[in-house]
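Asker: Mind looking over this structure? Questions follow.
What follows is calculated from the coordinates using simple rules that are stated; it is not laboratory data. What you are looking at is a predicted structure, and each value in this text was computed from that prediction instead of being measured. Every residue, glycine as well, gets a Cβ built from its backbone with ideal geometry; the counts of neighbours run over all protein chains shown.
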Amino acid sequence: MLKPVVQEETTGCGIASVANILGKTYSEMKAIANAMGIHASDKSLWSDIQYVRRMLSCAGVETSSSEIPFESWDTLPDLALLSIKHYQEEDKDFWHWVVFKRVNDQPLVLDSASYLPSNIRQDFDAMQPKWFIEVKNT
């Protein structure tokens with residue numbers, strides 16, 4: 001049974017998404033992130049891609065070298081970090097991290113937002129990703 005990690009801090013979606021990929025709890029991943037100098041209280045987590053890349057890399061997980069523009073749900077790899085809820089503030093891009101995953105050929109999104117009725121989403125039309133990072137080996 002898939003048990004998605006829910007973020008415990010407003011800015012913790014990157015930490016929670018990496019926890020979802022690595023099979024860790026939020027508190028385990030937060031401790032690892034904090035030891036790396038990555039803190040959910042840092043607002044740049046919302047606008048910097050390198051944090052999630054560093055956390056995955058330190059766990060030995062390889063990712064695509066660049067962000068890949070989203071074209072369709074069908075063309076996504078079996079595991080990917082997706083950026084959704086894009087907005088701009090003071091000429092800076094911000095987004096919310098979620099994890100796209102295929103389980104038994106069924107596409108789903110693990111969304112760590114605490115306000116959702118279910119953190120396993122299949123309402124694909126509502127999400128509107130802008131780009132993704134392929135997660136190659138876990």
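Asker: Looking at this structure, is Asn20 out of contact with any helix residue (DSSP H, G or I) (no Cβ under 7 Å at 6 or more places or on another chain), buried (at least 19 other Cβ atoms within 10 Å of the Cβ) and assigned to a helix (DSSP H, G or I)?
Answerer: Numbers: out of contact with any helix residue (DSSP H, G or I) (no Cβ under 7 Å at 6 or more places or on another chain): yes; buried (at least 19 other Cβ atoms within 10 Å of the Cβ): yes; assigned to a helix (DSSP H, G or I): yes.
Yes: the conditions hold for Asn20.
Asker: Find all pairs meeting these conditions: Cβ atoms under 8 angstrom apart; at least six residues apart or on different chains; first residue within segment 54-72 and free of Cβ contacts under 8 Å to residues at least 24 places away in the same chain; second residue surrounded by 15 or more Cβ atoms within 10 Å (Cβ to Cβ).
Answerer: Sorted first by the residue in segment 54-72, then by its partner, the pairs are Arg54/Ile38; Ser57/Thr63.
Asker: Residues that are out of contact with any strand residue (DSSP E or B) (no Cβ under 9 Å at 6 or more places or on another chain) and either hydroxyl-bearing (Ser, Thr, Tyr) or in a loop (DSSP other than H, G, I, E, B) (or both): does segment 78-94 have at least one? Spell out how you get there, then give the answer.
Answerer: Looking only at segment 78-94, we keep the residues that are out of contact with any strand residue (DSSP E or B) (no Cβ under 9 Å at 6 or more places or on another chain), and these are 89-92.
Of the ones still in play, those that are also either hydroxyl-bearing (Ser, Thr, Tyr) or in a loop (DSSP other than H, G, I, E, B) (or both) are 90-91.
Within segment 78-94 (the criterion being out of contact with any strand residue (DSSP E or B) (no Cβ under 9 Å at 6 or more places or on another chain) and either hydroxyl-bearing (Ser, Thr, Tyr) or in a loop (DSSP other than H, G, I, E, B) (or both)), the answer is yes, since at least one residue qualifies.
Asker: Name the residues in segment 101-134 that are assigned to a strand (DSSP E or B) and over 15 Å from Val5 (Cβ atoms), would you? Even if it seems obvious, please write down each step before you answer.
Answerer: Within segment 101-134, the first condition is being assigned to a strand (DSSP E or B), and the residues that meet it are 101-103, 106-110, 120-121, 131-134.
Passing the criteria: Arg102, Val103, Gln106, Pro107, Trp131, Phe132, Ile133, Glu134.
Asker: Continuing with this model, one more query. What single numbered condition from (1) more than 16 Å from Ile21 (Cβ to Cβ); (2) of a type outside the set (Asp, Glu); (3) surrounded by fewer than 19 Cβ atoms within 10 Å (Cβ to Cβ) fails to hold for Trp95?
Answerer: (3)
Asker: Which one of Ser41, Ser83, Ser64, Ser57 is surrounded by fewer than 17 Cβ atoms within 10 Å (Cβ to Cβ) and under 11 Å from Phe132 (Cα atoms)?
Answerer: Details: Ser41 fails: under 11 Å from Phe132 (Cα atoms); Ser83 fails: surrounded by fewer than 17 Cβ atoms within 10 Å (Cβ to Cβ); Ser57 fails: under 11 Å from Phe132 (Cα atoms).
Of Ser41, Ser83, Ser64, Ser57, the one residue that is surrounded by fewer than 17 Cβ atoms within 10 Å (Cβ to Cβ) and under 11 Å from Phe132 (Cα atoms) is Ser64.
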